[in-house]
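Novice: Take this structure first; my questions come after.
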Amino acid sequence: MKASNHIRLTFPSRSANEGFARIAVAAFASQADPTVEEISEIKTAVSEAVTNSIVHGYKESFGPITITARLYEGGRLTITIKDKGEGIDDIKQAMEPLFTTGNEEERSGMGFTIMETFMDKVKVHSRRGSGTTVALTKYIKARP
Amino acid sequence: MNLKFIQNYNELEVHLQGEIDHHCAAAVAKTIDFKIRRHRPILLIMDFGGVSFMDSSGLAIVMGRRKLMDSIDGSVEVRHLCNPAKKIFEMAQLDRYVTVRKEV
Ligand SMILES: Nc1ncnc2c1ncn2[C@@H]1O[C@H](COP(=O)(O)OP(=O)(O)OP(=O)(O)O)[C@@H](O)[C@H]1O
Ligand SMILES: [Mg+2]
């Protein structure tokens, strides 16, 4: 099905952009009339994926992050967060709760679990050396 | 993110206000740790009542402070959690490491 609307934004992997990214996607999603709870779930999931690109994808470097969000009729929202960073070797292991390769003072290995809990679908494509794309889907229910 | 501290006897209360993400996390941790080292409280109370957004970076902030409080034989209590931060704490089973006050 063709998306009824979409946005695409690209920004450098600076942590100052984390707030901008989640608010921009939330503002776009608001066209589907989500509840306050749905909006905060979308914001949190986007924040997790963007933070992962910044801290894991571009660990010692900086690079572009591209977010594409699409809204389909019936309230299906898809969001992809793409980086051209290091990539992930073992995606299944990376998605396990509490698994982290990060600094344990700063990371707890819960990012993917949070995305999976707050969104209806989470898909990860990644190749070592060429980057990671996280695709999130949420169905925003119509309200009377 | 804004932090307000209240010190009463051997308790240190920190009121977190605003958005908690990776961007502000290191500064938040550093500021709270500075206060802990200075006052050496028995109990650190972290009040999330003013938090409008939190992601997994908030978990590491709590776990890191609990580690520091442990090292001075103190403990941590978390207050006024509401969704989605509350759900995130539950996913990570943080109540195994810190006291989560039951709100009435
Ligand atoms: N964009 C990415 N590029 C490279 N590696 C990634 C990326 N996203 C996730 N990973 C890998 O997957 C692991 C798990 O990610 P997840 O978000 O679940 O936990 P975390 O980021 O380590 O901790 P938390 O999200 O709780 O702060 C990361 O530690 C990292 O090894
Ligand atoms: Mg993460």
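Novice: Given the options A:ALA26, A:ALA45, A:ALA94, state which has the largest fluctuation in a GNM of chain A using a 10 Å cut-off (strictly under) for Cα springs.
Specialist: Among A:ALA26, A:ALA45, A:ALA94, the largest mean-square fluctuation in the Gaussian network model of chain A belongs to A:ALA94.
Novice: Next question, about the same structure. Could you check what % of the DSSP bridge pairs in the protein assembly as shown are antiparallel, to the nearest 5? Write out the running numbers ahead of the final one.
Specialist: On the way: 37 of 53 bridges.
If I count the DSSP bridges inside the protein assembly as shown, around 70 percent turn out antiparallel.
Novice: Also, quick follow-up: Provide the per-residue ³J(HN,Hα) series for segment B:13-20, in order, calculated from phi with Karplus coefficients 6.51, -1.76, 1.60 and θ = phi - 60°, each as a whole number of Hz, with x at glycine and proline positions.
Specialist: Result, ordered by residue: 10, 10, 9, 8, 10, x, 9, 9 Hz.
Novice: Tell me the trypsin sites (Lys or Arg not before Pro) within segment B:17-104 that lie in a loop according to DSSP and have at most 15 other beta-carbon atoms within 10 Å.
Specialist: B:ARG101, B:LYS102
Novice: Additional query: Can you give me the long-range amide H partners of A:ILE140? Hydrogens built in the peptide plane at 1.01 Å from N, cutoff under 5 Å, separation of 5 or more residues or another chain.
Specialist: Hits under the 5 Å cutoff: A:ARG76, A:LEU77.
Novice: What percent does the relative contact order of segment A:5-139 come to when contacts are Cα pairs within less than 8 Å and at least six residues apart? Please list the in-between numbers first.
Specialist: Working: 255 pairs, mean separation 35.9, N = 135.
It comes to 27 percent, rounded to a whole number.
Novice: Which loop-located GluC sites (Glu not before Pro) does segment A:38-81 contain, where loop means any DSSP state but H, G, I, E or B and the Cβ has at most 15 other Cβ atoms within 10 Å?
Specialist: Details: sites: A:GLU38, A:GLU41, A:GLU48, A:GLU60, A:GLU73; in loops: A:GLU60, A:GLU73.
Passing sites in segment A:38-81 are A:GLU60, A:GLU73.
Novice: Mind scanning A:LYS2/A:LYS84; A:LYS43/B:LYS102; A:LYS84/A:LYS121; A:LYS92/A:LYS141; A:LYS59/A:LYS84 and naming the pairs with a C-alpha gap bigger than 18 Å? Don't jump to the answer; show the numbers that get you there.
Specialist: On the way: A:LYS2/A:LYS84 27 Å; A:LYS43/B:LYS102 26 Å; A:LYS84/A:LYS121 22 Å; A:LYS92/A:LYS141 30 Å; A:LYS59/A:LYS84 11 Å.
Distance filter (> 18 Å) returns A:LYS2/A:LYS84; A:LYS43/B:LYS102; A:LYS84/A:LYS121; A:LYS92/A:LYS141.
Novice: Among DSSP beta bridges whose residues both lie in segment B:2-100, state the antiparallel percentage, nearest 5. The partial results should precede the final answer.
Specialist: Values: 7 of 23 bridges.
The antiparallel fraction comes to roughly 30 percent.
Novice: At what distance in nm do the modelled label points of B:VAL104 and B:LYS35 sit from each other, each positioned 7 Å from its Cα along Cα→Cβ?
Specialist: 2.5 nm
Novice: Lys and Arg at +1, Asp and Glu at -1: add these up for the other residues within a Cβ distance under 14 Å of B:GLN93 and post the number.
Specialist: Numbers: positive: B:ARG66, B:LYS86, B:LYS87, B:ARG96; negative: B:GLU90, B:ASP95.
Net of charged neighbours comes to +2.
Novice: To the nearest whole number, what is the average tally of beta carbon atoms from other chains within 10 Å of the beta carbons of peptide A:8-18? Kindly include the intermediate steps, with their values, before the conclusion.
Specialist: On the way: counts 0, 0, 0, 0, 0, 0, 1, 7, 2, 1, 7.
Neighbouring Cβ atoms belonging to other protein chains average 2 per residue here.
Novice: Mind checking the mean number of beta-carbon atoms from other chains within 10 Å of the Cβ atoms in A:96-106? Kindly include the intermediate steps, with their values, before the conclusion.
Specialist: Values: counts 0, 3, 2, 0, 2, 0, 1, 1, 4, 8, 10.
Mean shielding by partner chains, rounded to a whole number: 3.
Novice: Another question, if that's okay. Which of A:ALA21, A:SER47, A:GLY57 sits farthest toward the positive end of the charge dipole of chain A, with +1 on the Cβ of Lys and Arg and -1 on the Cβ of Asp and Glu?
Specialist: Of A:ALA21, A:SER47, A:GLY57, it is A:ALA21.
Novice: Let me ask something else about it. What is the gain in length, in nm to one decimal, between A:ALA27 and A:MET1 on full extension, counting 0.36 nm per residue of separation less the C-alpha to C-alpha distance? Write down the numbers at each step before the final one.
Specialist: Values: separation 26, 0.36 × 26 = 9.36 nm, distance 2.26 nm.
Gain on stretching A:ALA27 to A:MET1: 7.1 nm.
Novice: So, with +1 on the Cβ of K and R and -1 on the Cβ of D and E, and no other charges, what is the size of the charge dipole of chain B about its Cα centre, to the nearest 20 debye? The partial results should precede the final answer.
Specialist: On the way: 15 positive and 13 negative charges, 46 e Å.
In total the dipole reaches around 220 debye.
Novice: For chain B, what is the calculated [θ] at 222 nm in deg cm²/dmol (nearest 500), taking -39500 (n - 2.57) for each run of four or more DSSP H residues and dividing by its residue count?
Specialist: Numbers: 3 runs with 40 residues, N = 104.
One gets -12500 deg cm²/dmol as the mean residue ellipticity at 222 nm.
Novice: Turning to a different aspect of this structure: Beyond 16 Å, what share of the Cα-Cα pairs of segment B:1-99 remains, rounded to the nearest whole percent? Mind showing how you got there, number by number?
Specialist: Working: 2403 of 4851 pairs.
Cα-Cα pairs of segment B:1-99 separated by over 16 Å account for 50 percent.
Novice: Hand me the chymotrypsin sites (Phe, Trp or Tyr not before Pro) from segment B:37-104 located in a DSSP loop with no more than 13 other Cβ atoms within 10 Å, in residue order please. Each step should come with its number before you reach the end.
Specialist: On the way: sites: B:PHE48, B:PHE53, B:PHE89, B:TYR97; in loops: B:TYR97.
Filter output for segment B:37-104: empty list.
Novice: Ok, one more. With contacts defined as alpha carbon pairs under 8 Å and 6 or more residues apart, what's the relative contact order of segment B:21-104 in percent?
Specialist: About 34 percent, as a whole number.
Novice: Got a sec? Which residues in segment B:38-54 would a label at B:ILE6 touch, if it sits 7 Å along Cα→Cβ and we count backbone N under 11 Å?
Specialist: B:47
Novice: A further question follows. Helix-derived [θ] at 222 nm for chain A: sum -39500 (n - 2.57) over DSSP H runs of at least 4, divide by residue count, nearest 500? Can you show the working numbers first?
Specialist: Details: 4 runs with 42 residues, N = 144.
When only DSSP H runs of four or more count, the value is -8500 deg cm²/dmol.
Novice: Next question, about the same structure. Working only with C-alpha atoms, what are the Rg and Dmax values of the protein assembly as shown, expressed in angstrom?
Specialist: That works out to 18.6, 63 Å for Rg and Dmax.
Novice: Report the calculated FRET efficiency for A:ARG127 and A:ARG14 (r = Cβ-Cβ distance, R0 = 35 Å), to the nearest 0.05. Present the calculation step by step, with values, prior to reporting the outcome.
Specialist: On the way: r = 24 Å, r/R0 = 0.69.
That gives a FRET efficiency of 0.90.
Novice: Another one. Taking only the alpha carbons of segment A:5-139, what extent do you get along each of the three principal axes, in Å, biggest first?
Specialist: Ordered largest first, segment A:5-139 gives principal extents of 38, 28, 25 Å.
Bear in mind that the values in this text are calculations on the coordinates, not laboratory data. Note that this is a predicted model, so its numbers are computed, not measured. Backbone-built Cβ (ideal geometry, glycine too); neighbour counts: all protein chains shown.
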